[in-house]
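Q: Have a look at this one before I ask anything.
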Amino acid sequence: MWGLPLAMSSRTFSLITAVTSDWGIGYKNGLPWPTLKEDLKFLRTKTTSTKDPQKLNATIVGRNTWNAVPPNMRPLPRRFTVVLSSQSKEAFPGAHLVCRSLGEAVESLSSPPLAEQIESIFILGGYGVYDEALRSPLCDKVYITHVEKQFPVDAYFPVQTFHDEGFKQISDEGTSSQSIEENGIKYRFVVYKK
Ligand SMILES: NC(=O)c1ccc[n+]([C@@H]2O[C@H](COP(=O)([O-])OP(=O)(O)OC[C@H]3O[C@@H](n4cnc5c(N)ncnc54)[C@H](OP(=O)(O)O)[C@@H]3O)[C@@H](O)[C@H]2O)c1
């Protein structure tokens, strides 16, 4: 697998994903489903909310996930964005930081000067980033939007690792588990912890 193991001095992080009923996350470097406004709002609210108004949250994405966001919309506003790639920073104009491994990224975000500026860390995918994150003891909550429908997909959530690591559903006071329906597509937000 990629890079160095995560140092235990690093801070914890959460993971956010949305999956189809057969754990698909992407298709042709986009999302498999048509726009789901409440899900986008959920992602925006979770990843931008901070207790300290002086701080920002950080998001960590793989190269393909960065490229899946239209150039005029990246980096996502009000989030410190880290891209994981073996390519150099010049390949990702607008990214705040480019790292070669999740361990390097979390270590940088846990050390001065970034540690003082960043409140929480969110892993936003895709497959390899999720897989490394799920295996880490630093992985705290996993927020999964379960889209209760199948779509054509070519990128998946690492569901085997998710099950092997023993994640269990929890009730989370900041997350409604009510089912939502948009354009005939039902989905719900579920939170898990190891
Ligand atoms: N439904 C969702 O919640 C969701 C979330 C995110 C993405 N997506 C979708 O998923 C698809 C993209 O995901 P993907 O799995 O194909 O690609 P990805 O993980 O975004 O990008 C893969 C690349 O990122 C780098 N990388 C990945 N994991 C790494 C790690 N642990 N350490 C270091 N570098 C790492 C490598 O870049 P180099 O080759 O440059 O070294 C790798 O080739 C798109 O369709 C996107 O829309 C969906």
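Only the coordinates and a few stated rules stand behind these numbers; no lab work does. Predicted model only: the values in this text are computed from it and were never measured. When we count neighbours, we look across all protein chains shown, and the Cβ atoms used for this are built from the backbone with ideal geometry, even at glycine.
So that you can scan it fast, the table gives a plain yes or no per residue for (1) closer than 25 Å to Phe157 by Cβ; (2) crowded, with 19+ Cβ neighbours inside 10 Å:
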residue: Thr59; (1), (2): yes, yes
residue: Asn67; (1), (2): yes, no
residue: Pro75; (1), (2): yes, yes
residue: Thr81; (1), (2): yes, yes
residue: Glu90; (1), (2): no, no
residue: His96; (1), (2): no, no
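So that you can scan it fast, the table gives a plain yes or no per residue for (1) away from the ligand (no atom under 15 Å from the Cβ); (2) assigned to a strand (DSSP E or B); (3) under 17 Å from Glu104 (Cα atoms); (4) touching a Gly at 6+ places or on another chain (Cβ under 7 Å):
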residue: Glu38; (1), (2), (3), (4): no, no, no, no
residue: Pro53; (1), (2), (3), (4): yes, no, no, no
residue: Asn72; (1), (2), (3), (4): yes, no, no, no
residue: Thr81; (1), (2), (3), (4): no, yes, yes, no
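Q: Something else: Exactly one condition in (1) closer than 19 Å to Phe13 by Cα; (2) within 12 Å of the ligand (Cβ to nearest atom) is false for Phe151; which is it?
A: (1)
Q: Tell me which residues, restricted to the stretch 100-124, are within 15 Å of the ligand (Cβ to nearest atom) and touching a strand residue (DSSP E or B) at 6+ places or on another chain (Cβ under 6 Å). Lay out the reasoning, then the answer.
A: Taking the stretch 100-124 first, the residues within 15 Å of the ligand (Cβ to nearest atom) are 100-109, 121-124.
Within the stretch 100-124, Ala105, Leu109, Ile121, Phe122, Ile123, Leu124 meet the criteria.
Q: Might you check whether a residue that is surrounded by 14 or more Cβ atoms within 10 Å (Cβ to Cβ) and outside any strand (DSSP E or B) occurs anywhere in the stretch 177-190?
A: Within the stretch 177-190, the first condition is being surrounded by 14 or more Cβ atoms within 10 Å (Cβ to Cβ), and the residues that meet it are 180, 182, 185, 187-190.
Checking which are outside any strand (DSSP E or B) leaves us with none.
The answer is no; no qualifying residue exists.
Q: From the set of residues in the stretch 154-172 that are part of a strand (DSSP E or B) and surrounded by 15 or more Cβ atoms within 10 Å (Cβ to Cβ), which is nearest to the ligand (Cβ to nearest atom)?
A: Residue satisfying both the conditions and the ranking: Ala155.
Q: Something else now. Testing Gly30 on (1) touching a residue at least 40 places away in the same chain (Cβ under 8 Å); (2) within 12 Å of the ligand (Cβ to nearest atom); (3) under 24 Å from Ile144 (Cβ atoms), one condition comes back false. Which one is that?
A: For Gly30, the failing item is (1).
Q: Since Thr145 meets every condition but one in (1) among the polar types (S, T, N, Q); (2) in a strand (DSSP E or B); (3) more than 16 Å from the ligand (Cβ to nearest atom), which condition does it not meet?
A: (3)
Q: Do we find that Ser179 is more than 23 Å from Ile60 (Cβ to Cβ), hydroxyl-bearing (Ser, Thr, Tyr) and out of contact with any Asp or Glu (no Cβ under 6 Å at 6 or more places or on another chain) in this structure? Walk me through it before giving the result.
A: On the way: more than 23 Å from Ile60 (Cβ to Cβ): yes; hydroxyl-bearing (Ser, Thr, Tyr): yes; out of contact with any Asp or Glu (no Cβ under 6 Å at 6 or more places or on another chain): yes.
For Ser179, the condition - more than 23 Å from Ile60 (Cβ to Cβ), hydroxyl-bearing (Ser, Thr, Tyr) and out of contact with any Asp or Glu (no Cβ under 6 Å at 6 or more places or on another chain) - is met.
Q: Applying the selection to the stretch 136-161, what residues are hydroxyl-bearing (Ser, Thr, Tyr) and under 22 Å from Lys186 (Cβ atoms)?
A: Hits for the stretch 136-161 are Tyr143, Thr145, Tyr156.
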